Amino acid sequence: MSEQRISGRLIAAGRTLAGVGRADFAAAAGLSADSLRLIEGSGSAWLDAEQDVSAVFRALDHFGILVLEETADFGAGVRLKFTRQDVRQLARLEGEGGLIGSDDAP
């Protein structure tokens with residue numbers, strides 16, 4: 001994607017798809033929950049502020065949400081980066097506990 005574009009409606013859809021609350025998503029984006037509410041409330045209007053767009057895409061990436069560009073045949077959309085099975089596996093691995101060490105083998 002050469003130019004990142006997103007609307008409030010796509011942000012809300014991605015957040016809902018991933019099951020992420022507004023406060024958690026806003027925190028990951030470095031925005032206030034009220035700012036996110038206003039952005040999502042703008043509906044299909046494209047988000048203009050480059051700083052906000054970057055922040056939103058970082059949060060989308062953090063929660064495993066991909067934005068699909070609008071094409072001649074289909075409108076823009078969102079989807080998850082991982083299958084539900086992948087997400088369960090990642091959660092299991094992250095929840096195993098134990099000592100944290102370097103992944104580099106000698």
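The values are calculated or read from the model by the stated rules, or taken from the named source; none is laboratory data. Nothing here was measured: the structure is a model prediction, and the numbers come from that model. Counting neighbours? That spans all protein chains shown, and the Cβs are built from the backbone with ideal geometry, glycine included.
Scanning the range 1-41 for residues that are more than 15 Å from the chain's Cα centre (by Cα), modelled with pLDDT of 90 or more and assigned to a loop (DSSP other than H, G, I, E, B) returns a single hit, S32. For the range 45-53, the condition of being over 14 Å from E3 (Cα atoms) and loosely packed, with under 13 Cβ neighbours inside 10 Å holds for at least one residue.
For Q85, the conditions (1) surrounded by 13 or more Cβ atoms within 10 Å (Cβ to Cβ); (2) in a helix (DSSP H, G or I); (3) of a type outside the set (D, E) all hold with the exception of (1).
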